[in-house]
Amino acid sequence: MAVNFLNPAFILRTQKYRETGLIVDFFCPNYGKVSAVAKKALSFKGYLSLYQPFMPLSISWQGQSELKQLISIESSGNSVHLKGLIFYSACYLNELLLKLLPVAENSIELFGQYLLTINTLGQNPSRSEEEIVLRSFESALIKHLGYEIGFTTTDHSECIFNIDTNYVLLPERGFITEDDFLSESTFRNRQAGGQSLLFSGPHLVELSKFGLQREGTRKTAKIINRIMIDYLLGDKPLNSRKIYGQMLGRLQNK
Amino acid sequence: MYSPLIDQLIQALKALPGVGPKSAQRMAFYLLEHNQEGAVGLAQALQAAVEGVGRCDHCQTLTEETTCAICQSTKRDQSTLCVVESPSDVSIFEQAGVYSGVYFVLHGHLSPIDGIGPADLGLDILETRLQQGLVKEIVLATNSTVQGEATAHYISEIAKDTGVVVTRLAQGVPLGGELEYLDGGTLAHAINSRTRFQ
């Protein structure tokens, strides 16, 4: 498939290819994840600075196989400047996309969310602002992958949770009441349900009502998203989360 | 396809960067047919290097000594420490002959996606060294990439509490370069880090 017209793109990761080339994983709105070989990337000094993540680019490529050949690359804006822990958060986004995003699939909405998230991270946000954009991006990715968690009725008029009920999140089914879970669960299908966790009704009602605006709701959303992402990742490790944890631990010990 | 020993040699040569099956085959036949003496020398040198070369206990560069020649030298300024990503970066500085301090080699850069964190680069060792008080200036010479910048930023953070002066290699227009051929990112760096003209 040759894409001779320029497409918006961000670089997710680069890996060396032979002496002067790179294999680059791009994120494009119309094609999802695109992997391409840039044969002379490291010898063509003038364009070296383009092969960096967090810089808006325009690219075109050709090739029939999954690994394309990059034809052109140019900058379409300024690189987002990410310092300190924010850099690790941005790398986390890239790793999620790298490991979960399907190849050659329309991802316009998710690309917009990525752009918003990266730009917010580049503006030195407060911790709560950072958490809000990260959780929003995770939710958008989960939705994009077909696992959106419902919080309201289908017409969005009512919250589906009761304040006096506990719920269990099953990644492949969403939330079910604790009673339903216990009544239908044999030991075998509890095992098959994989990772699940008990959530209290008031916490879910609060999240449904106030979104990510409260510290408590952000914590609940973080746990929900983590369960979903771990389920979607399967046995693929999430390196950036591990490194982020180390860095955070270091800062807190100082 | 070939005898086991030739196959083994071709496979072994493929360990070299940029060498695929064809190149490995060409190299193997060249060595066996035309340069057996060179092949023996190569094998002995490789074996000796792999067995004898380790990391300098001061700067982590590759050396067969416990402490490398640069770190041992009394002519070097031990109070200036240049942090680089690889031993080849040390060679580039030494060939240019523009730097008289000592080095610290990271053997990479921070790369969260690949799971490479501070401990993997020996940054805990660097921190201990900075706390000892002998180093007065640290020159950050990590690559001008997003990961290189993040690594430089991390080192500047650990140097903060030690009173060590932190400097970064200048970035911008290369010598002999024409503005017409510069990309926007490099030009932005150049204008943001402009200095008073003397």
Top of B:H109, B:H58, B:H34 by mean-square fluctuation, Gaussian network on chain B, Cα under 10 Å: B:H34
Inter-chain Cβ neighbour average for residues B:172-184, partner chain, 10 Å: 2
Sparsely packed GluC sites (Glu not before Pro) within region A:63-160, loop by DSSP, other Cβ within 10 Å at most 16: A:E66, A:E105, A:E148, A:E158
Principal semi-axes in Å for region B:4-52 [√(5λ), Cα gyration tensor, largest first]: 18, 14, 9
Averaged over A:72-83, number of beta-carbon atoms from partner chains that fall within 10 Å: 2
Three-way shape label, region A:1-43, alpha-carbon gyration tensor, a/c 1.5: prolate
Alpha carbon centroid spacing (whole Å) that separates region A:106-150 from region B:35-74: 49 Å
Size of electric dipole in the protein assembly as shown: Cβ of Lys, Arg +1 and of Asp, Glu -1, about Cα centre, debye, nearest 20: 540 debye
Mean shadow area of the protein assembly as shown over all directions, Cα convex hull, nm²: 30.6 nm²
Between region A:9-54 and region B:156-198, the alpha-carbon center distance in angstrom: 24 Å
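Please go through region B:1-76 and write out the chymotrypsin sites (Phe, Trp or Tyr not before Pro) that DSSP classes as loop and that have at most 13 other C-beta atoms within 10 Å.
B:Y2
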Length-normalised contact order of chain B in % [C-alpha pairs under 8 Å, at least 6 apart]: 13 percent
Contact order relative to length of chain A, as percent, for alpha carbon pairs under 8 angstrom and 6 or more apart: 16 percent
Kirkwood Rh in Å, taken over all unlike Cα pairs in chain A: 20.1 Å
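Scan region B:40-138 for GluC sites (Glu not before Pro) in coil per DSSP, keeping those whose Cβ has at most 13 other Cβ atoms within 10 Å, and list them by number.
Sparse-neighbourhood loop GluC sites (Glu not before Pro): B:E64, B:E65.
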Rg in Å to one decimal, and Dmax rounded to a whole Å, for chain B via C-alpha atoms: 21.4, 68
Square roots of 5 times each gyration tensor eigenvalue, C-alpha, region A:3-75, largest first, Å: 17, 14, 11
Residue mean of other protein chain beta carbons inside 10 Å, B:109-122: 5
Cβ crowding within 10 Å averaged over residues, with B:97-105, B:173-181 ranked highest first: B:97-105, B:173-181
Dimensionless Rg ratio for region B:1-112, taking C-alpha atoms and the 2.2 N^0.38 Å reference: 1.42
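Any read-out appearing in this document is the output of simple, stated calculations on the displayed coordinates, not a laboratory observation. The structure displayed is predicted, hence computed values, not measured ones. Every residue, glycine among them, receives a Cβ derived from its backbone with ideal geometry; neighbour counts consider all protein chains shown.
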